[in-house]
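Data block below; observations after.
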Amino acid sequence: MAYRGRFAPSPTGLLHAGSLVAALASWLDARAHGGAWLVRIEDIDTPRCLPGAGQAILAQLAACGLRPDETPCWQSTRAPAYAEALRQLRAGGFAYDCGCTRKDIELYWLQRGVPHEVGAERIYPGTCRPGPGGGLHGRPSRAVRFRAEGVLEWTDRRIGTQQQDVPVAVGDFVLHRADGLWAYQLAVVVDDAAQGITDVVRGEDLADNTARQIVLQLALGLPTPRYLHTPLVLAADGRKLSKQNGARPLDLAGDATVLRTLQAAGTVLGLPALPAGTLADWLAVAVRAWAGIIAAFPPSADPP
Ligand code: GLU
């Protein structure tokens, strides 16, 4: 199948040194495979989106010579497709209404002596799962959840075989949120399939979401793309670089700055220092260097 890759930024801010690594890796991988590179602006979490950031990200990518091969997809226009997928999941018995509040879930675990871990999301205990003793019990539905079953194994092209016991690790996850917004997991799966994506290349912080996305693909009868999770740029506090811990929008003023910025992103991906000619020259050399890097990935995960 012809390679189709994508970069899928959330426009909650402009591109910074960390997000550029994912953008560059997905672009290099598409070009190294002679494939198409698409951009999807993931603007569904509207309260967190910054007005104008989607267009600004596209302009930042263009300044780096990274231009999508097709018109970018905006998730804010895709609600009918998400609603149709949810209908299918309900019809197949994979999704159910949940009336629990955050407080209900917290209380459930506290009553069982499970303390709250700072920063960790509580696993949904399955209170509203249809079945004996479960269900809404006349309460209004707030969210729709996916009924998670079983252990899922998948292979990443770089980090190898991964396993997640989805019910234990993440539980019955949300597809449609209590605030009426579509959940990332559902939207990403529906759109990767609609855009015919064969290869997902993104930061390693998202590797943990992959099992949830694959179980959704299986439930919806959609193909599973190959996955490659790239190394992350870390902030001074050792955590993934993000707006919250000091990431600043990329400075892309002038050719020399753009090349320096790309070179820094390339270093995170394992590219050697490359001769800096024009931007087009740098990108062409980078594609060849990337082809060498991926050739050394674990053989079991070789892309066809
Ligand atoms: N929109 C997500 C983010 O910016 C990335 C989604 C993906 O690549 O699957 O973190």
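Bear in mind that the values in this text are calculations on the coordinates, not laboratory data. As the structure is a prediction and not an experimental result, all values here were calculated from the model. Every residue, glycine as well, gets a Cβ built from its backbone with ideal geometry; the counts of neighbours run over all protein chains shown.
Taking the longest Cα principal axis of the chain as reference, the axis of helix 210-220 is set at about 60 degrees. Dipole magnitude for region 1-112: computed about the Cα centre from +1 point charges on Lys and Arg Cβ and -1 point charges on Asp and Glu Cβ, it is near 100 debye.
Can you give the net charge of the other residues whose Cβ lies under 13 Å from the Cβ of R202, counting K and R as +1 and D and E as -1?
Combined, the nearby Lys, Arg, Asp and Glu give -2.
Direction-averaged projected area, Cα convex hull, the chain: 16.8 nm², rounded to one decimal.
From the alpha carbon centroid of region 247-270 to that of region 128-197 is 36 Å. Database remark: amide H of H176 closer than 5 angstrom to the amide H of V144, A183 (H placed geometrically; neighbours at sequence offset of 5 or more, or on other chains; Pro and chain starts carry no H).
For V114 and H137, the FRET efficiency from 1/(1 + (r/R0)^6), where r spans their Cβ atoms and R0 equals 25 Å, is about 0.60.
Mind checking the angle between helix 184-194 and the chain's longest principal axis? C-alpha axes, 0 to 90 degrees, to the nearest 10. Taking the Cα atoms of the chain, the angle to 184-194 is about 60 degrees. Of all beta bridges that DSSP places with both ends in the chain, some 50 percent have antiparallel geometry. Translational diffusion coefficient of region 86-192 (Stokes-Einstein, Kirkwood radius from Cα pairs, 37 °C, 0.692 mPa s): 215 µm²/s.
What the Cβ-Cβ distance of E70 and E204 gives, at R0 = 22 Å and to the nearest 0.05, is a FRET efficiency of 0.25.
Across the options A247, Y184, P132, the greatest Cα extent toward the positive end of the charge dipole of the chain (unit charges at beta carbon of Lys, Arg, Asp, Glu) belongs to P132. Isolated cysteines of the chain, defined as having no other cysteine beta carbon under 4.7 Å away, are C49, C64, C73, C100. Put a dot 7 Å past the Cα of K243, heading toward its Cβ, do the same for A194, and the two dots end up 2.4 nm apart.
Positive-end ranking of A59, G119, I41 along the dipole of region 1-154, with charges on Cβ about the Cα centre, is headed by G119.
Converting the Cα gyration tensor eigenvalues of region 124-275 into ellipsoid dimensions via √(5λ) gives semi-axes, longest first, of 37, 19, 15 Å.
Residue order for S19, S141, fewest other beta carbons within 10 angstrom first, comes to S141, S19.
Residues whose amide H comes within less than 5 Å of that of L234, counting only those at least five positions distant or on another chain, are L241 (H built at 1.01 Å from N in the peptide plane).
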